[in-house]
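Everything below concerns the one structure shown next.
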Amino acid sequence: MNWIQVLAENELPPNERKVVKVENRSILLVHHNNKIYALENSCPHMKLPLKKGKITDDGAIVCPFHRSAFDLNTGNPTEWITFPPGINKLMGLVSKEKAVPVFPTRVENGNILVGV
């Protein structure tokens with residue numbers, strides 16, 4: 001695994017998020033509950049960006065488009081395509097549940113590093 005410095009720690013205050021490019025990937029950094037998470041900034045359902053998704057109290061990010069939710073630690077879905085009502089079941093048949101890729105993070109010398 002390669003550790004890549006992506007951002008100064010002070011550039012990601014608590015409860016903020018930022019998208020960075022790492023080896024041709026768009027990675028979303030989320031600073032939530034004193035931990036920095038890194039996940040692909042793309043919902044596996046339709047590849048739409050997760051950056052503006054709501055962070056839940058139990059540590060998931062909710063896709064702002066079809067409301068699938070993904071655990072920040074594992075990337076595993078906790079909800080799958082809950083919107084729009086009625087059509088969501090059909091959309092769920094077209095696109096099977098998939099996890100969002102997550103990446104380890106660490107802070108060294110005031111910098112955030114992501115493992116890829």
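The values are calculated or read from the model by the stated rules, or taken from the named source; none is laboratory data. Note that the structure is predicted; figures quoted are calculated from it, not measured. Every residue, glycine among them, receives a Cβ derived from its backbone with ideal geometry; neighbour counts consider all protein chains shown. SASA here: full protein model, heavy atoms, side chains in, ligands and nucleic acids out. Shrake-Rupley method; radii C 1.70, N 1.55, O 1.52, S 1.80 Å.
Only strands (runs of 3 or more DSSP E) whose full extent lies in the range 8-66 are considered here, and the ones with at least 1 residues that are within 14 Å of ALA99 (Cα to Cα) and of a type in the set (A, V, I, L, M) are 35-40, 60-62.
So for the range 89-97 (the condition being at pLDDT 85 or above and more than 21 Å from ASN24 (Cα to Cα)), does at least one residue qualify?
No, that holds for no residue.
Screening THR78 with (1) at pLDDT 95 or above; (2) in contact with a strand residue (DSSP E or B) (Cβ under 8 Å, 6 or more places away or on another chain); (3) not basic (Lys, Arg) gives one miss only, at (1). For the range 46-61, the set of residues classified as at pLDDT below 90 and either within 18 Å of LYS18 (Cβ to Cβ) or out of contact with any Phe, Trp or Tyr (no Cβ under 8 Å at 6 or more places or on another chain) (or both) consists of LYS47 only. For the range 7-52, filtering for residues that are open to solvent by 90 Å² or more (accessible area, probe 1.4 Å) and among the hydrophobic types (A, V, I, L, M, F, W, C) leaves 1.
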